[in-house]
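Inspection log for the structure reproduced underneath, given as structure tokens.
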Amino acid sequence: MIAFARIVLLLLADLVALVRLAIRPRQAIAAENLVLRRQLSLYKERGVTPRRLDAATRVTVQSKARFRRTFQDVYFSLKGNA
């Protein structure tokens, strides 16, 4: 039960972060992308292995992937009709 509550709490935190990201200016998002790309290149250069995903992150990734597949299906079906 405690693990479930922790997952729910982390999912709510992800939702709040998503809302915050949705209202950020475009330049801030572009700057963050540059920093993250630099960080990723350093990780690859040093051969650092990523940490394992926790349960809440796994749920978030799966829901985003499901939303993306649904979005892509709708987009490509509309694009094909145009």
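Each value in this text was obtained by applying a stated rule to the coordinates, not by laboratory testing. Being a predicted model, the structure only gives us computed values, none of them experimental. For neighbour counting, all protein chains shown are included, and Cβ atoms are generated from backbone atoms with ideal geometry for every residue, glycine included.
Residue by residue, segment 3-18 carries 3J(HN,Hα) couplings of 5, 5, 5, 5, 4, 4, 4, 5, 5, 5, 5, 5, 5, 5, 5, 5 Hz when phi is fed to the Karplus relation 6.51 cos²θ - 1.76 cosθ + 1.60 (θ = phi - 60°); x denotes Gly or Pro.
Extending 7 Å from Cα along the Cβ direction at residue 9 and again at residue 66 yields two label points whose distance is 2.4 nm.
Rounded to whole numbers, the Karplus 3J(HN,Hα) couplings from phi for segment 42-50 are 5, 4, 5, 5, 8, x, 6, 8, x Hz, using 6.51 cos²θ - 1.76 cosθ + 1.60 with θ = phi - 60°, and x at Gly and Pro.
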